[in-house]
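Report on one structure; see the data block that follows.
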Amino acid sequence: MNINRRKFLAQTSIGLAAAPALASRAAEPGSATVQGERPLVVSTWPFGKVSNDAAMKILLAGGSILDAVEKGIWVTESDRGNSSVGLGGMPNAAGVVQLDACIMSGPGHRAGSVAAIEGIAHPISAARRVMEKTPHVMLVGEGARMFALEEGLESIENNTAERYKAWREKRAAEKASPKDSKKKNPGNHDTIALLVLGADGNIAGGCSTSGWGGKLPGRVGDSPIIGGGLYVDNEVGAAGATGLGENVMRYCGSFLVVELMRQGLTPEEACLEALRRIARQDPKGTGISVSFVALDKKGRYGAAGSAKGFTYSVTTPTSSRVLTGPGVGALDIGPIGGNRK
Ligand code: SD4
């Protein structure tokens, strides 16, 4: 095991120093598909805003789109107050934190991914190393952890019995009053998917999560699945997902959003149409608990959720905002099962 801590810290100091103080987290109503400025950073949820800001700072300083993705996501992974990504990630049913992440580069159509990785502080960095240093796309479990340690990535102990107990108590409280808990814990079981359009028109993206709290050991969600939780096509745009991964990966959700943009839909329309298609086929209908964010090559962006109120973060050189995407209405999806013969 060769952990070069100094190099590790030096590599990451830009991203951490670049994180500005938390600005307003209140979501602005409405969403946007306006033709945009470049560079552009779009991510899931209000907690993505500080990651966007860090990513933008890297881009404006002349850094690469992959550095912007990795170091941007680093900020959220480093936040122990975020209970669903990185250091704060939620334990599975065995009390163990297993993390999922992936990264994708438009140029070269390259991808790297780790799933169910334990004891590594920054799975997004492990995913990037898989992409850049191996002939593979995806490493899982112990193999992924050993690879990350050999690459000198920081190891952490995040499987404490106290954390698991605290998580179980919190879940019990949430079950007792589910409406309140979502309000109090808007970051509960969520994912950061972060998309970058560089000033030169190249696109990259990344995704990181602990996935579902209490999941079965070994469960892998959509987030590290290329085409599921993230997809980048340098000719078209990029999309990322958050929500119930099982309802994303069965439909190649992010791939679907990008393909709909290829057909001419705006990012917001593409997110909505992908959700409609999933909701029409899925036995759960609009109860699928899925949201998408997307951007296209022209610098347009958008998002939508299967339910109203999905909030996402959008950052340009001149502004950094939290917006609310539209939700898919039950009347909007056409007959459920209508495309089944
Ligand atoms: C998963 N999609 O593992 C992730 C978790 C998430 O809101 O985004 N929850 O299924």
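What residue, among those in region 263-293 that are over 26 Å from LEU40 (Cα atoms) and outside any helix (DSSP H, G or I), is least open to solvent (accessible area, probe 1.4 Å)?
This residue is ASP282.
For residues that are crowded, with 24+ Cβ neighbours inside 10 Å and more than 19 Å from SER51 (Cβ to Cβ), tally how many sit in region 208-220.
So the count comes out to 0.
Please go through region 205-262 and give me each residue that is over 22 Å from VAL97 (Cα atoms), assigned to a strand (DSSP E or B) and within 11 Å of the ligand (Cβ to nearest atom), ordered by number.
GLY240
Is one or more of the residues making up region 324-333 within 22 Å of GLU37 (Cβ to Cβ) and in contact (Cβ under 8 Å) with a residue 40 or more places away in the chain?
Yes: one or more hits.
Pull out all pairs, ordered by first then second residue, where Cβ-Cβ is under 8 Å, the residues are six or more apart or on different chains, the first lies in region 58-86 and is part of a helix (DSSP H, G or I), and the second is aromatic (Phe, Trp, Tyr).
Within 8 Å, the pairs are THR76/PHE47.
Restricting attention to region 239-257, and to residues there that are among the aliphatic types (A, V, I, L, M) and in contact with a Gly (Cβ under 6 Å, 6 or more places away or on another chain), which single residue is surrounded by the fewest Cβ atoms within 10 Å (Cβ to Cβ)?
MET249
In region 97-124, what count of residues is obtained for those that are more than 17 Å from THR44 (Cβ to Cβ) and more than 15 Å from the ligand (Cβ to nearest atom)?
Summing the residues that are more than 17 Å from THR44 (Cβ to Cβ) and more than 15 Å from the ligand (Cβ to nearest atom) in region 97-124 gives 13.
Examine region 184-191 for a residue that is outside any helix (DSSP H, G or I), modelled with pLDDT of 75 or more, within 16 Å of the ligand (Cβ to nearest atom) and under 30 Å from ASP233 (Cα atoms), and state whether such a residue exists.
yes
The values are calculated or read from the model by the stated rules, or taken from the named source; none is laboratory data. Nothing here was measured: the structure is a model prediction, and the numbers come from that model. No Cβ is skipped: glycine too gets one built from the backbone with ideal geometry, and neighbour counts run over all protein chains shown. Keep in mind that these areas ignore ligands, DNA and RNA; they rest on the heavy atoms of the full protein, side chains included. Shrake-Rupley method; radii C 1.70, N 1.55, O 1.52, S 1.80 Å.
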